[in-house]
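*Asks:* Have a look at this one.
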Amino acid sequence: MSTTFLEFTLQEQSRLWSGTDDHRKRSVVKAAKFSNFGENADRPLTDYRPAHIHAFFDRLEAKGLSANTINHYGAMVAKVFRQAAREGLIEAVPEFTWKAVKGNKRPLYYTPDQLCQIDAYFNDVHPQSYMRHFCIIAANTGMRLGEILKITPVTIVTVEGKPCVYLETTKNGEDRHVPLTGQAREAVRALGDNPARHWTHRSFYDGLKGMRCRLFNGDKRYCFHTFRHTAATHLAAADRSTAMIALLLGHKSEATTRKYIKPKPSALRGLVDMLEQQ
């Protein structure tokens, strides 16, 4: 019997996603949902056509998923088929059509004033007061939530006399050192050098929802990942190179980093002022 999509995914998962266990597990869950749709469970890899993938996308859209989220499933599907082509199991990857995403609707970044408002919201008497420390760490380092949750006393090291977090495994499959600012180090210390001990899925996302409702009219675009964009944008505004910012964030491609960097109006004004002086 020919290999099915899910069988091949499970067989190749460590090669397909060599980064964090969490990223791999989420990708396998997506693969299982795709495989369980319609007749995909028994369909051989060689029998897939773009229409089969489009039908799955349409089902996700009918369930209310955004175009961006559907494209995350598309990235998983394309990755599996590319690996199958490399292994010689199929002749070509099905050329399906991605969902059109109209612009980048994620917030550009948190402004300094907004960061202060967020910090004030998660004050010492707030039910999720620990979250102010998570926000400080993310805004000062650009670390992902999953990376922050990996911090333990063992991962906090000193490099050239300065504190860093050593991440042995990251999303891109490589290790990296993340320097801590003074604020970030104090926030990590406030969490007992072990953020995961304070975190639960329910309280964390309840806290984010409350913050959005209070400060941003419930706009779901204001998410925790935006702190990562904030770090990149502030570093770019300080004339730090895209290549260095990519290293800090753990991006293999500078093109990915450029998507994180949003030009501040003040920075653009500065460029125009320079032209006026010519």
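*Asks:* What residues have an amide H closer than 5 Å to that of Phe216, excluding those fewer than 5 places away on the same chain, when H is modeled at 1.01 Å from N in the peptide plane?
*Replies:* For Phe216, no residues qualify.
*Asks:* Under 24 Å between C-alpha atoms is the cut-off here; go through the range 1-151 and count lysine pairs that meet it, provided they're at least eight residues apart or on different chains.
*Replies:* 20
*Asks:* Residue-wise, which Karplus ³J(HN,Hα) couplings in Hz belong to the range 223-233, taking 6.51 cos²θ - 1.76 cosθ + 1.60, θ = phi - 60°, and x for glycine or proline?
*Replies:* 10, 5, 4, 5, 4, 5, 4, 4, 4, 5, 5
*Asks:* Separate question: Spelling out what I want: for every residue of the range 176-182, take phi, set θ = phi - 60°, compute 6.51 cos²θ - 1.76 cosθ + 1.60 (Karplus), and round to whole Hz; glycine and proline get x.
*Replies:* For the range 176-182, the Karplus-derived couplings read 6, 9, 10, x, 9, 6, x Hz, x marking Gly and Pro.
*Asks:* With a ≥ b ≥ c taken as the square roots of the eigenvalues of the C-alpha gyration tensor of the range 13-83, please select rounded if a/c is under 1.5 and otherwise prolate if a/b is larger than b/c or oblate if it is not?
*Replies:* Here the range 13-83 falls in the oblate category.
*Asks:* Hey, how many Å between the Cα centroid of the range 4-36 and the Cα centroid of the range 192-222?
*Replies:* The range 4-36 and the range 192-222 have Cα centres separated by 28 Å.
*Asks:* Express the relative contact order of the range 2-144 as a whole percentage, based on alpha carbon pairs under 8 Å and six or more residues apart in sequence.
*Replies:* Reported as a whole number, the value is 20 percent.
*Asks:* Also, quick follow-up: Using a probe of 1.4 angstrom, how much of the accessible area of the range 1-85 is carbon and sulfur, in percent?
*Replies:* 46
*Asks:* Right, something else. With all protein chains present, calculate the accessible area of Lys99 using a 1.4 Å probe and round the result to the nearest 10 Å².
*Replies:* Approximately 50 Å² for this residue.
*Asks:* If you add up the charges near Ser129, with Lys and Arg at +1 and Asp and Glu at -1, over every other residue whose beta carbon is less than 14 angstrom from its beta carbon, what do you get?
*Replies:* Value of the local net charge: -2.
*Asks:* Go through 223-230, 133-140, 188-195 and give me the packing order, highest mean Cβ count within 10 Å leading.
*Replies:* So the peptides 223-230, 133-140, 188-195, ranked by packing, come out 133-140, 223-230, 188-195.
*Asks:* Taking a quarter of the surface of the Cα convex hull of the range 163-203, what do you get in nm²?
*Replies:* 3.7
The values are calculated or read from the model by the stated rules, or taken from the named source; none is laboratory data. From a predicted model like this one, the values you see are computed outputs, not experimental measurements. Note: ideal-geometry Cβ built from the backbone for every residue, glycine included; neighbour counts use all protein chains shown. We work out accessible area using only protein heavy atoms, side chains counted, and drop any ligands, DNA or RNA first. Shrake-Rupley method; radii C 1.70, N 1.55, O 1.52, S 1.80 Å.
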